[in-house]
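Reviewing the structure listed below.
The values are calculated or read from the model by the stated rules, or taken from the named source; none is laboratory data. The structure displayed is predicted, hence computed values, not measured ones. Here the Cβ positions follow ideal geometry from the backbone for every residue, glycine too, while neighbour counts run over all protein chains shown. The accessibility values were calculated without ligands, DNA or RNA, using every heavy atom of the protein model including side chains. Shrake-Rupley method; radii C 1.70, N 1.55, O 1.52, S 1.80 Å.
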Amino acid sequence: MEHTQRQLTLLEKEEEEQAKVEVWKYVFGFSKIAVVKCAIELGIADAIESHGSPISLLELSATIKCDPSSLYRIMRFLIHHHIFKEIHPKIKLDPKSYAQTPLSRCLLKSSKNSMAAFIMLESSPVMLAPWHGLSARVQANGTSSPAFEAVHGEDVWSFAAANPGHSELINEAMACDARLSLPALIESCLEVFNGIETIVDVGGGDGTSLSLLVKACPWIARGINFDLPHVVCVAKESERVENVGGDMFDSIPKADAAIIKSVLHDWGDEETLKEWGYVLTEAGFSRHSVTPINAVQSVIQAFP
Ligand SMILES: C[S@@+](CC[C@H](N)C(=O)[O-])C[C@H]1O[C@@H](n2cnc3c(N)ncnc32)[C@H](O)[C@@H]1O
C-alpha cells in the first residue's frame with residue numbers, strides 16, 4: 001500500500017512537471033498556423049520545388065527576397081515540426097540545405113495535393129474572428145445566432161457575396177478539397193455514375209468537382225454546376241459543364257442525379273447520418289447506402 005502511494009505521488013509529480021511544459025503549447029498554440037501561413041505567403045515550398053533540389057538558406061532568401069536571419073528562424077520552426085527537412089552537407093564546410101517533404105508539398109500554391117488555399121481561408125482574420133466568441137456561444141446553450149453571424153452580422157454566404165476577396169478564398173479552398181476528394185471518389189466508386197446522362201452539383205462552388213467528374217465519365221452529356229450567383233459568375237468554364245446561378249432553397253435544376261458535397265455538414269457524424277436518413281426518406285428514396293472512400297468524406301447513394 002505504502003509502495004503504491006509512493007508510486008502514485010511520483011506519477012503525479014511527473015504529470016505536474018509535464019503540465020508545466022505542455023501548457024506552453026497552448027500559450028503559443030497559434031504560432032504553428034501563423035508560421036505555416038507565412039511559409040505559404042512567402043512561397044517557400046514553391047521556391048524549393050522550382051529549384052529542383054535541396055536549397056541553401058542564402059539561395060532561398062535570394063529567391064524569395066527576404067532577410068536570411070529572419071528566414072532562418074522560420075525554417076528552424078518548420079523543420080522542428082517536420083514540415084520541411086534539413087539536409088546535412090557531404091562536405092563539412094558546405095552549408096546545410098532545405099528539402100521538401102510530402103507535407104511541405106501540401107503548401108505549394110498550385111499542385112494536385114495543395115491545401116494552401118484552405119489554410120489561407122481558415123487562417124484569415126474573417127474566419128478566425130468567430131473562434132474568439134466560442135465561450136459565449138457555448139454559454140448561450142444554442143440560443144445565440146451562429147458564431148460567424150454574431151461577429152460579421154450576416155451569414156458566411158451573404159458575407160462572401162458582398163466581399164469578393166473572401167468569396168475567392170472560399171472558392172479556392174473548396175477547389176483544393178475537390179482536387180483531393182474527387183480522384184478518391186472516382187477511384188472507389190465510379191460505377192455509381194453509370195447510366196447518368198445529366199447531373200447537377202448543388203453548391204458546386206467553382207465547378208472543380210464537376211469538371212473532374214465529367215472528365216472521368218465520358219457518358220455524362222451535361223453537368224450543371226449550381227451555386228449562388230456570386231459564385232457561378234466567377235466559376236471555371238469547362239467542357240460539358242454549365243454554370244447555373246440560383247438558391248437551392250428556391251429550386252434546383254432538374255437532372256438524372258444530384259451531388260451535394262460539403263454543403264450539409266453542419267452536424268456531427270451521428271446526427272448527419274440520422275438527418276440524411278430522414279431527408280432521403282422524405283424525398284421519396286426507398287434506401288440509401290454510405291460508402292467510405294480514401295478521403296475524409298464518405299459517399300451517400302440514394303435509390304428510388
Ligand atoms: C462548403 S462549399 C462546398 C463547395 C463544393 N460542393 C465542394 O465540395 O468543393 C458550400 C457551397 O454551397 C454554396 N451555397 C451556400 N448556400 C447556397 C444556396 N442557398 N444555394 C446554392 N448554393 C449555396 C456556397 O456558395 C458554396 O460554394
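Remarks
- Qualifying chymotrypsin sites (Phe, Trp or Tyr not before Pro) in region 126-235, where qualification requires a DSSP coil assignment and no more than 15 other C-beta atoms within 10 Å, comprise Trp219.
- Orientation-averaged projection of region 31-113 equals 5.3 nm² [convex hull of Cα atoms, one quarter of hull surface area].
- Exceeding the 31 Å Cα-Cα cut-off - candidates Lys20/Lys109; Lys37/Lys92; Lys25/Lys96: Lys20/Lys109; Lys37/Lys92
- Amide hydrogen proximity for Ile224: with H placed 1.01 Å from N in the peptide plane, the residues at 5 or more positions away or on another chain lying under 5 Å are Ile199, Val200, Asp201, Glu242.
- Using a cutoff of 8 angstrom between alpha carbon atoms and counting only pairs six or more residues apart, the relative contact order for region 31-113 works out to 34 percent.
- The chain, relative contact order [Cα under 8 Å, separation at least 6], %: 10 percent
- For region 198-210, 3J(HN,Hα) per residue [Karplus equation, 6.51 cos²θ - 1.76 cosθ + 1.60, θ = phi - 60°, Hz, x = Gly/Pro]: 10, 9, 10, 9, 7, x, x, x, 7, x, 4, 4, 5
- Heavy-atom accessible surface of the chain: percent carbon and sulfur, 1.4 Å: 59 percent
- Accessible solvent surface per residue of the chain, calculated while the other protein chains remain in place, 1.4 angstrom probe, Å²: 63 Å²
- Annotation: average projected area of the chain is 24.4 square nanometres, based on the convex hull of Cα atoms across all directions.
- Here is how the number arises for the chain: DSSP H runs of 4 or more residues each give -39500 (n - 2.57), the sum is divided by the residue count, and the result at 222 nm is -15000 deg cm²/dmol.
- Chymotrypsin sites (Phe, Trp or Tyr not before Pro) restricted to DSSP loop in region 19-60 with at most 11 other C-beta within 10 Å: Phe28, Phe30
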